[in-house]
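Coordinate-derived values only; no laboratory data. What you are looking at is a predicted structure, and each value in this text was computed from that prediction instead of being measured. Here the Cβ positions follow ideal geometry from the backbone for every residue, glycine too, while neighbour counts run over all protein chains shown.
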Amino acid sequence: LFKRPWIFIRGVPAMKFLPPEGPPEIAFAGRSNVGKSSLINGLVRQGGLARTSNTPGRTQELNYFVPDGYSGEAGDLPPMALVDMPGYGYAQAPKEQVDAWTKLVFDYLRGRVTLKRVYLLIDSRHGIKKNDEEVLTLLDKAAISYQIILTKTDKIKAAGVPRLIDETLLKIKKRAAAFPVVLATSSEKNEGMDELRAAIALVVNG
Ligand code: GDP
């Protein structure tokens with residue numbers, strides 16, 4: 001799955017621009033600056049695929065990535081798509097932008113049959129915040145399987161990582177749609193990527 005080069009196929013500003021439903025989709029969500037672009041680039045081992053350090057508050061789109069080499073015609077569809085969701089929680093974002101984000105994301109999460117899992121990224125230094133909780137509640141209500149990825153573990157003491165994993169698990173234990181394994185990653189140190197690839201392969205092939 002992760003051997004071919006990956007390509008960006010489209011940015012989706014509203015539901016009507018979504019590609020036709022086809023391959024299983026794996027989406028990535030998280031607060032602005034959580035390390036989402038870096039994680040996606042690390043996952044596919046391709047530096048410039050997702051744009052890192054996006055100016056927060058710029059146009060909000062769902063960005064679609066697929067392995068290269070498929071025409072997209074019936075019978076030649078890629079085996080999966082990765083969907084980079086716009087970051088949330090940028091304090092200075094104007095209200096219209098927050099509203100647009102909310103509408104797009106709610107519509108997508110509730111209405112996309114081929115969405116198989118959402119990876120919710122949480123910065124190891126900050127833990128789960130109120131707006132993360134809101135997204136988790138939305139996912140529970142929409143009954144979309146999600147799994148938590150702790151990012152930037154190189155920024156905390158190594159000994160603190162197992163404890164943070166346990167604390168995070170405890171917080172999501174009672175949630176309906178949470179997959180009960182928390183992944184710890186560092187894009188900087190290229191850690192946790194094999195585990196994440198394996199988890200995604202299980203979702204896509206399972
Ligand atoms: P996004 O806004 O969620 O897409 O976040 P980015 O991937 O653009 O990363 C935001 C900032 O965090 C950038 O300055 C990255 O270099 C930094 N960053 C991302 N991942 C890591 C990581 O694993 N470790 C460290 N130390 N910094 C990271």
- If R0 = 22 Å, then Glu191 and Gln46, at their Cβ-Cβ distance, give a FRET efficiency to the nearest 0.05 of 0.80
- Rounded to the nearest 0.05, what FRET efficiency is calculated for Asp99 and Val203 with R0 set to 41 Å and r the Cβ-Cβ distance? 0.85
- Query: Quick one, what does Rg over Rh come out to for the chain if you take C-alpha atoms and the Kirkwood Rh?
  - Reply: 0.93
- Task: Using Cα positions and a limit of under 20 Å, work out the aspartates and glutamates in reach of Lys16, with same-chain residues fewer than 8 apart set aside.
- Result: Glu25, Glu61, Glu73, Asp84, Glu96, Asp99, Asp107
- Item | Sequence-distant lysines (8 or more away, or on other chains) whose Cα lies within less than 27 Å of Lys173 | Lys36, Lys116, Lys129, Lys130, Lys141, Lys152, Lys155, Lys157
- Under Karplus coefficients 6.51, -1.76 and 1.60, residue-wise ³J(HN,Hα) of region 71-77 in Hz, glycine/proline x: 6, x, 6, 3, x, 9, 8
- Length gained when the stretch Leu77-Lys16 is fully extended (0.36 nm per residue, less Cα-Cα span): 19.9 nm
- Using alpha carbons only, what's the Rg to Rh ratio of region 128-179 with Rh from Kirkwood? 1.01
- Note on the structure: Taking N as the residue count of region 114-206, its alpha carbon Rg divided by 2.2 N^0.38 Å gives 1.06
- When only Cα pairs under 8 Å and 6 or more residues apart are kept, what is the percent relative contact order across the chain? 23
